[in-house]
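Please read the structure below before turning to the comments.
Where a number appears in this text, it was derived from the coordinates with a stated rule and is not lab data. Note that this is a predicted model, so its numbers are computed, not measured. Note that we place each Cβ from the backbone using ideal geometry, even for glycine, and neighbour counts take in every protein chain shown.
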Amino acid sequence: MPSPAKDTDPPAPPPGGPPLSKVALSVALMLAVQALVSMSAVAIPVLMPVAAADLNVPPSFVGIFMSLIYLSATLIAPVSGYFVDRIGPIGVSQICLGLCAAGLTLISIPWVSMMLAGTLIMGVGYGPVTPASSHLLVRTTPAAMMSVVFSIKQTGVPVGGAMAGAIVPLLVVLCGWKMSALWVAAFSLVLMGVLQPYRRRFDSARRTGAYRFSWKHLVEPVRMVLRHHELRELAIASFFFSAMQLCLISFLVAYVIEDFSLTLIQAGLLLSIAQVSGVIGRVAWGALADRSRRPRAVLGLLGIGMAAGALATAAISPGWPYAAVMVTCALFGAAAIGWNGVYLAEVARIATPEHAGTATGGTLFFTFCGILTGLPAFSLLVQQTGSYPLIFGVIALATLFCGVALLAPRSSR
């Protein structure tokens with residue numbers, strides 16, 4: 001991909017590394033954005049068991065709605081690096097929050113067509129968040145802290161999911177599912193305003209002038225990943241890991257309600273436990289990857305771990321005590337939700353700072369494709385077979401294979 005004029009390139013981090021205060025501030029801002037965007041998306045499967053009656057669709061239809069978020073996210077991800085370069089990571093984050101708020105507003109209208117439109121708009125806001133944060137963090141993070149810093153930022157995904165699992169059911173009880181969607185939209189708009197003072201500080205290294213958009217910005221990030229052996233391997237693994245992660249997030253509530261007659265509050269608590277375990281896991285796995293200096297091996301172990309968690313979740317029976325189900329969901333979430341930070345840090349490390357946004361957008365194309373195909377496939381197979389455990393087992397085999405492949409010596413791959 002041709003590079004822009006030399007005098008418009010953003011500066012690389014200084015050799016000694018940026019001050020830790022700047023690292024902490026950038027992580028905090030990107031963590032908040034990631035959490036609110038994640039909460040917006042996870043609110044949909046939490047709302048769905050109640051909203052389904054008004055929409056006249058089965059609760060398992062949530063897989064279709066969630067897949068639409070990732071359809072538009074998949075399409076926008078490859079060009080996200082271009083827009084981050086032009087607008088800046090904070091400006092792009094503000095736009096993403098506004099789009100999520102607009103999508104949730106449409107979702108609050110109890111028509112299937114409005115939910116379809118709302119989820120597509122939310123996906124456009126969801127796709128650029130990670131490339132924007134990678135663009136900022138790779139310039140403010142010392143190399144020795146890369147995995148743990150990216151993992152801390154990526155805890156925003158399970159933190160947002162935990163917030164959705166804990167807060168949204170209470171909002172539904174208090175004010176109904178439609179007003180609950182509007183409340184979550186309002187949270188995003190508040191953060192959008194909070195970010196404004198930081199634009200001057202973090203969006204100063206934007207590319208302008210001759211760096212105009214062309215269609216190659218859509219395909220070049222994907223071509224970069226396909227040409228690069230290490231990026232290609234990571235992208236393929238992320239395809240199956242992301243499918244597992246979103247199937248856990250999207251179907252756990254419906255699974256335990258339909259198969260075991262748990263209440264919405266009990267099911268939401270299980271989702272929150274899985275998400276909190278993912279938060280802890282992301283930081284722990286990131287620290288382990290930095291300390292061991294073997295991030296691929298850590299990703300391989302996580303692939304095997306999420307397969308084991310999925311099989312354990314599929315083995316749940318009505319005779320299990322609720323505490324045992326909680327422990328199972330916690331272990332599943334720690335692996336299936338905890339892998340992203342190590343993965344994104346490794347992508348950024350391979351790509352180097354000047355190409356981090358582009359490489360992240362290219363690999364996320366494959367990550368989102370896993371979600372895009374996995375969610376509707378899971379939903380349709382559950383409708384055909386009537387069995388959540390069977391489909392969890394099928395995806396477990398795929399993540400197990402990827403985990404073993406990442407653990408294999410490079411010379412044999």
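Below are the figures for this structure:
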item: On Cα atoms only, tilt of 112-126 relative to the major axis of the chain in degrees; result: 30 degrees
item: The chain: angle of helix 129-140 to the longest principal axis, Cα-based, in degrees nearest 10; result: 40 degrees
item: All-pairs alpha carbon distance profile, the range 30-133, 5 Å steps from 0, percent; result: 2, 14, 25, 23, 16, 10, 6, 3, 1
item: Three-way shape call for the range 282-385 based on the alpha-carbon gyration tensor, with the a/c threshold at 1.5; result: oblate
item: Alpha-carbon spread of the range 292-343, three principal axes, descending order, Å; result: 43, 15, 15
item: Debye log10 I(q)/I(0) for the range 250-300, one point scatterer per Cα, at q = 0.14, 0.15, 0.19 Å⁻¹; result: -0.51, -0.55, -0.66
item: Inter-centroid distance (Cα atoms) of the range 271-328 relative to the range 369-411, Å; result: 16 Å
item: Inter-probe distance in nm under a simple model that places probes 7 Å from Cα toward Cβ, at LEU189 and LEU25; result: 2.8 nm
item: Cα-projected label distance for ALA405 with LYS178, points at 7 Å along beta-carbon direction, nm; result: 4.7 nm
item: Inter-centroid distance (Cα atoms) of the range 117-184 relative to the range 185-200, Å; result: 14 Å
item: Cβ-Cβ FRET estimate between ASN56 and LEU170, R0 fixed at 22 Å, reported to 0.05; result: 0.30
item: Geometric extent, Cα atoms of the range 76-229 - Rg, Dmax (angstrom); result: 17.5, 54
item: Zone residues, the range 232-264, relative to LEU380, backbone N less than 20 Å from point 7 Å out along Cα-to-Cβ; result: 239-248, 250-251
item: Packing-based ranking, highest mean first, of 153-164, 171-182, 365-376 given that Cβ atoms within 10 Å are counted; result: 153-164, 365-376, 171-182
item: Degrees separating the helix 229-260 axis from the principal Cα axis of the chain, which is the longest one; result: 30 degrees
item: GNM flexibility winner over the chain from TYR388, TYR322, TYR70 (Cα, springs under 10 Å); result: TYR322
item: The chain: most fluctuating residue of GLY281, GLY305, GLY333 per GNM, C-alpha cutoff 10 Å; result: GLY305
item: Inter-label distance for VAL219 and ARG294, nm, one decimal - labels placed 7 Å from Cα along Cα-to-Cβ; result: 4.0 nm
item: Mean shadow area of the chain over all directions, Cα convex hull, nm²; result: 19.1 nm²
item: Karplus-derived 3J(HN,Hα), 6.51/-1.76/1.60, for each residue of the range 143-150, Hz, glycine and proline x; result: 4, 5, 10, 4, 5, 6, 5, 4
